[in-house]
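Enquirer: Encoded as structure tokens, here's the structure I'll be asking about.
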Amino acid sequence: TANVMYIDATNDRVGIGTTSPGAKLDVYQTGGTSGTNTALLLEAGNNSSYFGNNQIVFGYDRGGISYAHAIKTRHNSTAAAGNDIDFYLWNYGTDAVGTVGTKQVMTLEGTGNVGIGTTGPNRQLSLYTASSPTFQIINSGTGTAAGDGMIIQMSGTVGYILNQEADALHIGTSNIERISILSGGNVGIGTAAPASHLQIDSNISAAA
């Protein structure tokens, strides 16, 4: 008879499919083909394209799960965009103790789009917030080289925003600095250290 469940009373562990559980709950399976005989299957909640029950609930206080987070699914077999996974966090300001969190923080769409702060992302990455700043990246680098700040790439062209010193903004393309705005208000084009309100270290041309 194949082993179905094993209780390791010595180490306070439970194994399913294994007699040597490596954690409090260890689910193990060998073999099987893709889509069949999966090692772990969770089924709960709804089967429509609308928000429904919680498929996975976890959180602090193992008894009543007083501060619970949740993962929900939205399913629509006829539309890829309906097969979404939504992540909810327990929010101190709005959720009562003993309830499942209602702060929706991230959505993974069946199309591959990811939404942070929105349940309907229309791009590969959509960020939304009702307050500012909408988007922030903090890098632990020294800030003295291209790429230490935010990197933006579209259609093969690389641009970067580099924070080289306190309250200064350096903007470049193709890893070359183009525009610098210093903390004192000086702006430089073609120079990283403008000595006046506007300093252009390059030729200027104008068309009639």
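Enquirer: Report the gain in length on full extension from ALA193 to LEU169: 0.36 nm times residue separation, minus Cα-Cα distance, nm rounded to one decimal. Can you show the working numbers first?
Expert: Numbers: separation 24, 0.36 × 24 = 8.64 nm, distance 1.13 nm.
Contour length minus Cα-Cα distance gives 7.5 nm.
Enquirer: Please list, in chain and number order, the residues 5+ apart from SER126 or on another chain whose amide H is under 5 Å from its amide H, with Hs placed from the backbone.
Expert: Residues meeting the amide H criterion: VAL114, GLY115, ILE116.
Enquirer: If you don't mind, another one. If R0 is 35 Å, what FRET efficiency do you get for ILE204 and THR111 from their C-beta distance, rounded to 0.05?
Expert: 0.15
Enquirer: Assuming R0 = 45 Å, can you tell me the calculated FRET efficiency for the pair ILE56 and ILE181, based on Cβ-Cβ distance, to the nearest 0.05?
Expert: E between ILE56 and ILE181, to the nearest 0.05, is 0.45.
Enquirer: So who's got an amide H within less than 5 Å of the one on VAL14, skipping anything under 5 residues away but keeping other chains? H placed 1.01 Å off N, in plane.
Expert: The answer is ASP8, LEU25, ASP26.
Enquirer: With the Cα gyration tensor of the stretch 165-208 in hand, convert its eigenvalues to equivalent ellipsoid semi-axes via √(5λ) and list them largest first in whole Å. Walk me through the numbers before you get to the answer.
Expert: Values: eigenvalues 78, 38, 11 Å².
Whole-Å semi-axes of the equivalent ellipsoid: 20, 14, 8.
Coordinate-derived values only; no laboratory data. Note that the structure is a prediction, hence the values are computed from the model and not measured. For neighbour counting, all protein chains shown are included, and Cβ atoms are generated from backbone atoms with ideal geometry for every residue, glycine included.
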